[in-house]
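Below is one structure, written out as structure tokens, with a few remarks after it.
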Amino acid sequence: MNKELPKVYEPQQVESRIYQMWEDHDCFKGVEDSKKKPFSIVMPPPNVTGQLHMGHALDCTLQDILTRFKRMQGYAALWVPGTDHAGIATQIKVEEELRVKEGKTRYDLGREKFLERVWKWKEEYGNRIVQQQKKMGVSCDWSRARFTMDEGCSKAVRETFCELYDKGLIYKGSRIINWCPHCVTALSDAEVEYVDKPGHLWYIRYPLADGSGDIVVATTRPETMMGDTGVAVNPEDENFKHLIGKKCILPIMNREIPIVGDEYCEIGFGTGAVKMTPAHDPNDFEVGLRHNLEVIRVIADDGHINENGGPYNGMDRYECRKAIVKDLEEQGYLVKVEPYNHNVGTCYRCHNDVEPLISAQWFVKMEPLAKEALRVVNEGEVKFVPEHFSKTYTNWMENCHDWCISRQLWWGHQIPAWTCEDCGHINVKREDPTACEKCGSTHLTREEDVLDTWFSSALWPFSTLGWPEQTADLNYWSAAARKGMYDVMCQYVDIVQELANVLTTRFNDGQISKTDLLQVQSRLKEAELNKSAAYKDYQIALQNLNVLMGVPPMTPVEIADAITTVQPLPMHIGEEAALQNRPDFTISRLNVEYQKRQINLSKAKYNPTLAIGFQGTWGTPMLNVKGSDQLWTPAVFASLKIPLFRWGARFKEVNSQKAILRSKEYVMDYTRDQISQEVANSWTSLTENTKQIDVAEEACKIAEENLDLNTFSYKEGKLPILDVLSAQLSWIQSYSSLIQTWYQQKASLAQYNKAVGIRRLQ
């Protein structure tokens, strides 16, 4: 029976069918292969804020071209996909949806319920992004798909934060930061976009405290003058240097402030005198530090004037600007106004004007990091193409400020820091602490802020490929593999040395040309260098193993187990057995059970209660000639309480607890799926790597036999020396591949052990 082809090409059917066939046959799966050179790309993760745009399409296309090209060239190609939680961008989207559809804010829901909403958003739009990428035909290894807030990435973020904190590179302090009043969060310098906007330069008269005159300052921001704590002039300015050390009166506020000399002031700009507002300008902040000026913040987080703003308390910052200019003019302090265009910082997300203000935030010290980044460029380890971009890079590195990494958001990686309520000590830990490390108090409060999205995104190339997971097994077998490589290189040097000795004798006898001898001697020097490099790698691997085991790096280590012993395949452990062993699933399951009990407790608080009691008393009923008789009088009572008017509170509390339960159930289900995937993937890797050992061993035997035959034929004068050298190279390459195969088998076994939740298979 003939099947009629459709008259019109239907891409929805054809492309979906073909892509599904690719997936079913693991066409894009990145498999480690010791015989192939690795080539890997980690996809810059798109934000889960909606759907892909043309920029994403272009970027994915370029990556797909490179990956497919390398795959066809014979490389072991791996393209790792994933998505980014995009802290501020995603939270803004969800808050906007909440405001438009329900007329609520995140504060109306509370942190737990709001985060539940964001996770639902992520599931919807994150999945949409994946489907859009598949429609494009991207050749990613979807079995390795990651999210910047999944377990492995979260662990990498926490490890990095703690490591940098322990090294003194992360600190909490009060500094001038970029603040978005609309998003109500701090921003990094890279998240501020500068826009040229028309404005004005206001010239304001500050009377001298001694009544001898006044000093005129020029400013673009009169709304911050309530926070002025000084006036600065250049000490070389002939017009003002006689005023240094005197005081002037701050208009409106009628507060005395000092006049200081600082080279920051530019002679000839404005009037040459600059008002100092250390709480609202980064340059003023630095000048204030040099001259010990007071710091007075007058703009609140929401962009309104706070209680330090005197008569302008509660006004919007731009409403305040109009009001204070009017008051200055009426009181005779405003000298003149000039038009002035200047760069204004705006939020890269909401495009509202950013407010520089002093705030307690978490920072990364950039100078030590920038120093090393400059060194590798200056010494030629890293080269820019074209070269002139190195100047831009150098200027950037030399002028970068400490990076503000804390964000006043709910969606993101919460900072792993706990403040002791009793002694004030900050505890930064890889695991949640139960007591203060300084005083032992259990009254700990976790930092509410989350980390800048770029803190986790910067770790993306490492966290997606397993960092910081390091096990003793993997490190041990890594050391064993490097020992095996060193042993092979020693054997290789002996083989080449033996041939060189033979050729030296034959050359001295005039039997061969000097060309043959030089070629062998060159190969010998190359082999000796490779031997030295192999020994260095072996020693470093031993030192790393010692550090992991908690002993000094130079402690002698004996690698007893040979890398050449093949580990037999263990019994395949199913998902249910793995779930029993894995502590992460146990914890998530216990959290669900605990939350169910919390719901029952919440319900019980509002249920009718029945109280039953029993009591008795001794008494004397009457007197007679025989004396008094004691009488026992028993009594039984009961009471019933019915909370008739608290069902609204019961409904609200129970529903709140149920929302938390759904969130914890989601985490448990997600953990279960991750474990199932890890077990399946690690088992596949283990079985395939074990199969490859026989092939690699056979290849070594062939290479060894070929070397013997070529060496014998050369000595008989039947082959040129180049054939022998080529056979030697094939032999060393075959043995290198075999050692790598042995290691991969043991590494995959260690990964399988980790996936099923046991230390070592019995």
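The values are calculated or read from the model by the stated rules, or taken from the named source; none is laboratory data. What you are looking at is a predicted structure, and each value in this text was computed from that prediction instead of being measured. Positions of Cβ are backbone-derived with ideal geometry, glycine not excepted, and every protein chain shown enters the neighbour counts.
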| field | Residue list for the stretch 426-453, restricted to those being part of a loop (DSSP other than H, G, I, E, B) and either touching an Asp or Glu at 6+ places or on another chain (Cβ under 7 Å) or hydrophobic (A, V, I, L, M, F, W, C) (or both) | value | Arg430, Ala435, Cys436, Cys439, Ser441, His443
| Do we have any residue at all in the stretch 1-8 that's touching a strand residue (DSSP E or B) at 6+ places or on another chain (Cβ under 9 Å) and either over 21 Å from Gly126 (Cβ atoms) or surrounded by 13 or more Cβ atoms within 10 Å (Cβ to Cβ) (or both)? | no
| task | Out of the residues in the stretch 311-347 that are surrounded by 17 or more Cβ atoms within 10 Å (Cβ to Cβ) and either modelled with pLDDT under 90 or within 30 Å of Gln414 (Cα to Cα) (or both), state the one that is nearest to the chain's Cα centre (by Cα). | result | Cys347
| Which listed residue is over 22 Å from Val592 (Cα atoms), surrounded by fewer than 15 Cβ atoms within 10 Å (Cβ to Cβ) and either modelled with pLDDT of 85 or more or of a type in the set (Phe, Trp, Tyr) (or both), from Val724, Val695 | Val695
| said: Six or more apart or on different chains, Cβ atoms under 9 Å: show the pairs whose first residue is in the stretch 270-288 and among the polar types (S, T, N, Q) and whose second is in a loop (DSSP other than H, G, I, E, B). | reply: Thr271/Asn239; Thr271/Phe240; Thr277/Arg221; Thr277/Asp228; Thr277/Thr229; Thr277/Ile296; Thr277/Val298; Asn283/Tyr264
| Tally, over the stretch 713-762, of residues that are among the hydrophobic types (A, V, I, L, M, F, W, C) and under 30 Å from Leu518 (Cβ atoms) | 9
| message | Looking at Ala77 and the list (1) within 30 Å of Cys700 (Cβ to Cβ); (2) part of a helix (DSSP H, G or I), which single condition is not satisfied? | response | (2)
| task | Please give the number of the condition Thr271 fails out of (1) assigned to a loop (DSSP other than H, G, I, E, B); (2) polar (S, T, N, Q); (3) exposed (fewer than 15 other Cβ atoms within 10 Å of the Cβ). | result | (3)
| message | Tell me the residue from Pro339, Pro356 that is within 23 Å of Thr453 (Cβ to Cβ) and touching a strand residue (DSSP E or B) at 6+ places or on another chain (Cβ under 7 Å), please. | response | Pro356
| Which one is surrounded by the fewest Cβ atoms within 10 Å (Cβ to Cβ) among residues in the stretch 118-151 that are touching a strand residue (DSSP E or B) at 6+ places or on another chain (Cβ under 7 Å) and closer than 21 Å to Pro416 by Cα? | Phe147
| task | Kindly establish whether Ser478 is assigned to a helix (DSSP H, G or I) and either touching a Gly at 6+ places or on another chain (Cβ under 9 Å) or surrounded by fewer than 19 Cβ atoms within 10 Å (Cβ to Cβ) (or both). | result | no
| said: If the requirement is being surrounded by fewer than 21 Cβ atoms within 10 Å (Cβ to Cβ), at pLDDT below 90 and not assigned by TED's automatic domain parsing to the domain that holds Thr453, which of these qualifies: Asp214, Asp210, Asp189? | reply: Asp189
| said: Go through (1) at pLDDT below 90; (2) assigned by TED's automatic domain parsing to the domain that holds Met315 for Val382 and report which single condition fails. | reply: (2)
| task | Among the residues of the stretch 24-72, write down those that are buried (at least 16 other Cβ atoms within 10 Å of the Cβ), not β-branched (Val, Ile, Thr) and not in a loop (DSSP other than H, G, I, E, B). | result | Phe39, Ser40, Asn47, His56, Cys60, Gln63, Asp64, Arg68, Lys70, Arg71
| Do we find that Gly55 is assigned by TED's automatic domain parsing to the domain that holds Cys140, over 19 Å from Glu123 (Cα atoms) and free of Cβ contacts under 8 Å to residues at least 24 places away in the same chain in this structure? | yes
